[in-house]
1. For the stretch 333-348, which residues satisfy the criterion of being crowded, with 18+ Cβ neighbours inside 10 Å, assigned to a helix (DSSP H, G or I) and of a type outside the set (S, T, Y)?
2. Scan the helices (runs of 4 or more DSSP H) fully inside the stretch 196-313 and keep the ones with 3 or more residues being open to solvent by less than 30 Å² (accessible area, probe 1.4 Å) and away from ligand 1 (no atom under 16 Å from the Cβ).
3. Can you name the condition, by its number, that T171 falls short on among (1) assigned to a strand (DSSP E or B); (2) within 23 Å of F273 (Cα to Cα)?
4. Residues in the stretch 329-336: is at least one under 22 Å from the mean Cα position of the chain (by Cα), within 23 Å of A285 (Cα to Cα), among the polar types (S, T, N, Q) and modelled with pLDDT of 95 or more?
5. Answer yes if at least one residue in the stretch 25-38 is within 15 Å of ligand 1 (Cβ to nearest atom) and at pLDDT 95 or above, and no otherwise.
Amino acid sequence: MKKILVIPGDGIGTEITESAVEVLKKVDEKFSLGFSYEYKDAGGAAYDKFGTPLPEETLEACRNSDAILFGAVGGQKWDSLDPSLRPEKALLGIRKAMGLYANIRPVKIADALVDYSPLKKELAKGVDLVIVRELVGGIYFGERCESEMVNGVERAWDTENYSVPEVERITKLAFDMAKLRRKKVTSVDKANILATSRLWRRTVNKMAEAEKDLTVDHLYVDNCAMQLAVNPAQFDVIVTGNMFGDILSDEAAVVGGSLGMLPSASIGELTSFYEPIHGSAPDIAGKGIANPMATILSAAMMLRYSFNAEDAAKAIENAVDQTLADGFRTPDLWKDGFTKVNTEEATEKIIERI
Ligand code: NAD
Ligand code: IPM
Ligand code: MN
């Protein structure tokens, strides 16, 4: 049996992971993959039960899993907790403990959704890029101070640091990925200001010298944010640090019509981890109307990367495309002339098409 650990988390996390598990069960039935499922808590749900967002038993289950399917964590209810107890700490803790250094966020626009992009149709059509985000370093994990008094004035600070080996391993992964795609890598930084970015750029350039088949260029993050809006089709692989990757991937996601469409895979030292890029969406949680596609597509990435089951991954991706092409839309993507479906109905439509 291949062990999949499911961590639903908070808000819509429980709704969308349930959809993805139903879809996994369907492909297992069809392709005889032999999956078993175990469930553990993290985030606010774990805090409420155990007084910690990341119980040791959840971490232990992560270590013993072949792959992890994660929903989302967070919500207003826990926003005033001490920072060390916030739900988001669970996600950062798992990423760090499992050495999940590379977060792969592919942005591909389904033909049926080109009209939903906030961009003009001709700009959105044909976009096929992947953001490779460094996930266990940078400002997310640097030393910080929540509050201190200096000369009678309160201040707080965060610090960013990156080492050459940290930049090298994420760059290598981005280069390897580009070799299987259109052979173009754009490294994104803020090297006009930040020392970490200058080290990042030097390291990428040094590695690029040995890669005659690849085109490697650089953009400052502010320019990249603008280029994603005016010409997203120019990008193939974008490699960047933790915080820039977080921000740019939400922007890139809506080029495809909705944040509810963008899946991700985090590749690491101990296991691999699959989650939508969006959060727990407190504004729609409990209503049963979340778009489950980002999580279902994350399950497809799991089949591809963790279980080498390309046919099953493709079966899910095609079923999602077909569901959209047949006009079924959750509210985030719905407009006149289409059939509005809730989370459960969208999931059923996808399963019927597998
Ligand atoms: P969010 O991604 O949860 O929501 C942003 C907007 O997108 C909301 O309007 C929401 O309704 C919509 N949306 C997101 N996913 C959707 C889906 N599948 N279908 C339809 N609409 C969807 O971001 P936020 O509101 O800034 O954060 C809410 C909470 O989630 C916070 O506590 C935050 O820290 C947390 N968060 C968690 C993760 C994660 O667990 N990976 C990621 C981002 C944010
Ligand atoms: C994401 C989220 C997380 C991040 C938060 C919830 C810790 O926004 O996965 O994109 O910033 O990495
Ligand atoms: Mn994010």
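The values are calculated or read from the model by the stated rules, or taken from the named source; none is laboratory data. Quick caveat, the model's predicted, so the values are computed rather than measured. We place every Cβ from the backbone using ideal geometry, glycine too, and count neighbours over all the protein chains shown. Protein only, heavy atoms only, side chains kept; ligands, DNA and RNA dropped before computing areas. Shrake-Rupley method; radii C 1.70, N 1.55, O 1.52, S 1.80 Å.
1. L333, A346
2. 221-230
3. (1)
4. Yes, the stretch 329-336 has at least one match.
5. Checked against the condition, which is being within 15 Å of ligand 1 (Cβ to nearest atom) and at pLDDT 95 or above, the stretch 25-38 yields no hits at all.
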